[in-house]
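> I have a structure here, written as structure tokens, and I will follow up with some questions on it.
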Amino acid sequence: MALSITHQIGALAGTPISLENGNMNSAETTATVSATSGWKSPASSLRCKVQKPDAVDFSPSPPMSPCRSPVLGATRADLSVACRAFATEVEAPPARSVEYRTGGAQDKKGEGVPVYVMMPLDSVTMNNTVNRRKAMNASLQALKSAGVEGIMMDVWWGLVEREAAGSYNWGGYAELLEMAKKHGLKVQAVMSFHQCGGNVGDSVTIPLPKWVGEEINKDPDLAYTDQWGRRNYEYLSLGCDTIPVLKGRTPVQCYADFMRAFRDNFKHLLGDTIVEIQAGMGPAGELRYPSYPEQNGTWRFPGIGAFQCYDKYMLSSLKAAAEVAGKPEWGTGPTDAGEYNKWPEDTPFFRKEGGGWNSSYGEFFLGWYSQMLLDHGDRILMSAKSIFENSGVKISVKVSGIHWHYGTRSHAPELTAGYYNTRFRDGYLPIAQMLARHGAIFNFTCIEMRDHEQPQDALCAPEKLVKQVALATQKARVPLAGENALPRYDNYAHEQILQASSLNFDGNSGESEMCAFTYLRMNPQLFQADNWGRFVAFVKKMKEGKGANKCREQVEREAEHFVHITQPLVQEAAVALMH
């Protein structure tokens with residue numbers, strides 16, 4: 001029996017799929033710009049206005065789960081549905097392999113940008129098995145048929161080392177990696193040392209390992225803390241990085257031991273199937289502080305967030321730094337930086353004229369706060385580099401695209417996250433230089449966003465931010481990779497990614513290309529007929545690169561032809577998977 005693609009998607013989408021030993025939470029849409037609206041109208045129609053929040057009670061409250069990422073209002077349905085609907089038995093056409101470049105003007109140009117696709121957060125269950133095995137296998141085959149280079153998967157600390165310190169269960173990951181190898185897909189493996197769950201976009205809860213939670217219960221200061229005493233349990237405070245607070249090991253030692261165990265267990269796949277290791281360094285795996293936690297409305301876009309340096313370990317470091325500077329009175333964090341949902345001009349510390357951020361104390365505090373983050377990254381990269389040396393894999397670090405209030409002088413949201421970037425100071429060059437010392441890749445988000453799509457009164461400027469980051473990576477001669485921050489399936493977003501994937505030193509379209517792009521995320525919408533067709537064309541354009549002797553129209557025609565000829569097989573596989 002043949003069903004139309006629309007019928008199949010509709011039928012599958014109405015079939016709930018339970019998660020083994022996990023929690024399936026309905027995502028709550030809180031953002032100004034929704035990623036689930038279909039994106040059918042021109043981008044100019046997406047312009048909107050954000051109302052400033054009313055006063056919020058910031059009295060101390062029970063601990064809250066931090067945000068996973070700045071997915072501003074992106075809802076996320078169960079990813080199994082359409083993954084099961086689209087598979088193809090046809091062999092993928094031979095694709096020109098695109099190697100990671102090392103960055104810089106001397107490198108090969110115009111060779112195209114390989115596209116990876118992020119896997120579902122719950123690809124491995126709490127029982128350490130592959131989730132929805134048959135659907136996963138079919139989906140990987142579909143991605144390969146589209147010319148995708150590979151996949152990105154979270155390797156959760158809270159799953160692998162869950163029960164006891166030093167006891168690793170690689171279960172579902174071994175099977176998932178073999179599945180990727182079978183389909184000829186390369187893998188970017190994310191060492192995810194953060195918690196997943198409890199925020200917009202998260203459909204599964206994966207806490208930190210149980211034994212880590214036990215240590216936090218004994219010493220709550222192991223968690224990031226704000227000035228109101230709120231604890232954040234998504235990622236251990238970097239203030240205790242070098243202190244043996246985890247059953248005789250330091251957090252950095254635990255991260256290193258985890259990466260070493262991963263290397264030893266999967267050494268036969270390193271450099272061939274596994275081509276990149278992304279070292280998790282904070283919430284959402286990003287090198288930043290958890291300054292904008294979304295759960296329970298603690299933070300709402302486009303609030304400035306709050307500094308996270310009030311646990312005893314961070315305060316001890318700040319006090320010592322103040323004494324070295326000969327200013328012991330500077331040994332505390334700012335008390336006039338406002339609350340999570342304030343705007344810069346509403347706070348004495350971040351306001352344009354006479355703001356504390358531009359004072360002697362402000363420069364001292366922000367310098368210390370951002371340097372602590374850089375040192376944290378440096379420590380983890382030092383371990384990662386030594387562990388994976390000569391294994392044939394690249395090391396990468398993800399940096400968050402915090403684009404709201406970018407047009408202000410203070411760049412408050414970036415400052416609270418640990419990026420000391422203001423109108424008078426480049427906060428991304430020091431990060432790029434730190435990565436360059438270790439030969440790591442600078443992975444940046446919000447590549448798909450356009451300035452005019454964002455709330456203008458919040459002075460959002462993602463395009464300008466991407467250009468600044470691209471320039472910083474070029475100066476530091478470090479490779480730049482990209483991701484989209486929100487799920488997008490429209491040609492406007494695809495075109496923006498294509499343009500951003502090749503920026504020259506002036507920030508205009510040029511010949512200096514990203515080394516890779518990772519697409520967020522494999523989900524039901526991606527596999528719908530129209531979205532799938534656009535995605536195949538997008539992947540082809542990215543792989544063709546600037547050096548291709550083809551016009552965009554020709555590439556699109558070829559992609560349309562490929563989608564058309566594989567459609568009957570895709571439909572046939574979808575029907576088979578329904579029974």
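> Which net charge results for the neighbourhood of residue 118, defined as the other residues with beta-carbon distances under 9 angstrom from its beta-carbon, given Lys and Arg at +1 and Asp and Glu at -1?
-1
> A further question follows. How much net charge surrounds residue 250 when only other residues with a Cβ under 14 Å from its Cβ are counted (Lys, Arg +1; Asp, Glu -1)?
With Lys, Arg at +1 and Asp, Glu at -1, the net is -2.
> Can you give the extra length, in nm with one decimal, that the chain gains between residue 268 and residue 312 once fully stretched, where that is 0.36 nm per residue apart less the Cα-Cα distance? Please list the in-between numbers first.
Numbers: separation 44, 0.36 × 44 = 15.84 nm, distance 4.29 nm.
Full extension from residue 268 to residue 312 adds 11.5 nm.
> OK, next. On the first, second and third principal axes, largest extent first, how far apart are the outermost C-alpha atoms of the range 373-417 in Å?
Principal extents (largest minus smallest coordinate, Cα): 44, 19, 10 Å.
> Provide, for the range 236-337, the number of lysine pairs with alpha carbons under 30 Å apart, each pair being eight or more places apart or on different chains.
Pairs that pass both the separation and distance tests number 5.
> Tell me, rounded to the nearest percent, the portion of alpha carbon pairs in the range 145-216 spaced more than 21 Å apart.
Numbers: 946 of 2556 pairs.
It works out to 37 percent of all Cα pairs.
> A further question follows. With a cut-off of 8 Å between alpha carbons and a minimum separation of six or more residues, what is the relative contact order of the range 187-341 in percent?
Once normalised by length, the contact order is 28 percent.
> Ok, one more. Write out the GluC sites (Glu not before Pro) in the range 281-369 meeting two conditions: DSSP loop, and at most 10 other Cβ atoms within 10 Å of their Cβ.
353
> Identify the trypsin sites (Lys or Arg not before Pro) of the range 323-426 meeting these criteria: DSSP loop state and at most 14 other C-beta atoms within 10 Å of the C-beta.
352, 423
> Moving on to the next point. Given 0.36 nm per residue, what is the gain on full extension from residue 360 to residue 345 after removing their alpha carbon distance, in nm? Each step should come with its number before you reach the end.
On the way: separation 15, 0.36 × 15 = 5.40 nm, distance 1.95 nm.
Full-extension gain reported as 3.5 nm.
> Also, quick follow-up: Find, among the chymotrypsin sites (Phe, Trp or Tyr not before Pro) in the range 228-312, those assigned to loop by DSSP (not H, G, I, E, B) with at most 16 other beta-carbon atoms within 10 angstrom.
Of the chymotrypsin sites (Phe, Trp or Tyr not before Pro), the ones in loops of the range 228-312 whose Cβ has at most 16 other Cβ atoms within 10 Å are 228.
> Sticking with this one: Can you pull the one-decimal nm distance between simple spin-label points at residue 324 and residue 425, each 7 Å off the Cα toward Cβ?
1.6
> Follow-up. How would you rank 215-222, 151-158, 413-420, highest first, on the average number of other Cβ atoms within 10 Å across their residues?
The packing order, highest mean first, is 413-420, 151-158, 215-222.
> Hey, another quick one. So if I average 1/r over every pair of distinct C-alpha atoms in the range 357-449 and take the inverse, what Kirkwood radius in Å does that give?
This gives a value of 14.3 Å.
Where a number appears in this text, it was derived from the coordinates with a stated rule and is not lab data. Keep in mind that this is a model prediction, so the values were computed, not measured. Reconstructed Cβ throughout: ideal geometry from the backbone, glycine too, with neighbour counts over all protein chains shown.
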